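Each remark here refers to the structure printed beneath this line.
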Amino acid sequence: MLQAALGDQAAWDEVAARLVQVYGPAIREGLGLDDTELAGFIRGVMEPMLTRPFGEASLATFLAAMQGQVAKAQGQAIHARSWRARFRRLREQRRLHRDVAAAIGSEFDRGTFLLGKQLAYFERYGKMFLSDVSLLSDRKFFEELLAEAT
């Protein structure tokens with residue numbers, strides 16, 4: 001993801017492929033996207049969070065984008081659906097949830113929960129102390145870090 005945010009456009013496809021590898025095809029189905037659209041969606045949501053100053057980036061915006069894409073994938077608004085359609089959609093959501101849970105190995109992924117909690121703290125302190133600095137502001141450091149990792 002760092003390579004992608006630093007400008008390697010092909011890395012966004014790799015990030016999307018890794019998500020599908022870890023969570024299975026249910027992640028694409030849940031968002032209603034194909035592979036190319038998934039990479040574009042991830043880029044559209046993650047790139048601003050990594051490149052904008054902390055004062056402009058928001059975890060809430062990320063979560064709202066995810067929720068908006070899921071709602072878009074569901075088609076029409078829930079209030080406009082029949083009861084039968086609502087129950088079908090509920091069964092489908094439960095099936096997708098089971099598929100994702102099976103792919104990661106548990107119903108409750110404690111690691112992902114704790115990561116989300118830490119990201120919320122990270123965002124809070126970033127806004128308090130570094131509101132005008134982006135996460136990737138020290139480009140040279142991250143390029144050197146990635147060079148060492150490969």
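Pairs linking a residue in region 28-56 that is under 16 Å from residue 66 (Cβ atoms) to a residue that is at pLDDT below 85 and among the basic types (Lys, Arg), with Cβ atoms under 8 Å and 6 or more positions apart or on different chains, are 32/72; 38/28.
Checking every residue in region 95-106 against the condition of being part of a helix (DSSP H, G or I), out of contact with any Leu (no Cβ under 7 Å at 6 or more places or on another chain), loosely packed, with under 11 Cβ neighbours inside 10 Å and at pLDDT 75 or above gives zero matches.
Out of everything in region 6-25 that is under 14 Å from the mean Cα position of the chain (by Cα) and touching a residue at least 60 places away in the same chain (Cβ under 8 Å), what residue ends up being surrounded by the fewest Cβ atoms within 10 Å (Cβ to Cβ)? Here the answer is 22. Among the residues of region 29-46, write down those that are buried (at least 16 other Cβ atoms within 10 Å of the Cβ) and under 25 Å from residue 120 (Cα atoms). Within region 29-46, 30, 31, 38, 39, 41, 42, 43, 45, 46 qualify. Look at region 122-145: where a residue is more than 19 Å from residue 1 (Cβ to Cβ), no partner that is outside any helix (DSSP H, G or I) and basic (Lys, Arg) sits 6+ places away or on another chain with Cβ atoms under 7 Å.
Quick check on region 7-57: of everything there that is assigned to a loop (DSSP other than H, G, I, E, B) and more than 24 Å from residue 93 (Cβ to Cβ), which residue is modelled with the lowest pLDDT? Ranking the qualifying residues of region 7-57, first place goes to 57.
The values are calculated or read from the model by the stated rules, or taken from the named source; none is laboratory data. The structure presented is a predicted model; accordingly, all values stated were derived computationally and were not measured. Quick reminder, even Gly has a Cβ in these numbers, built from the backbone with ideal geometry, and neighbours come from all protein chains shown.
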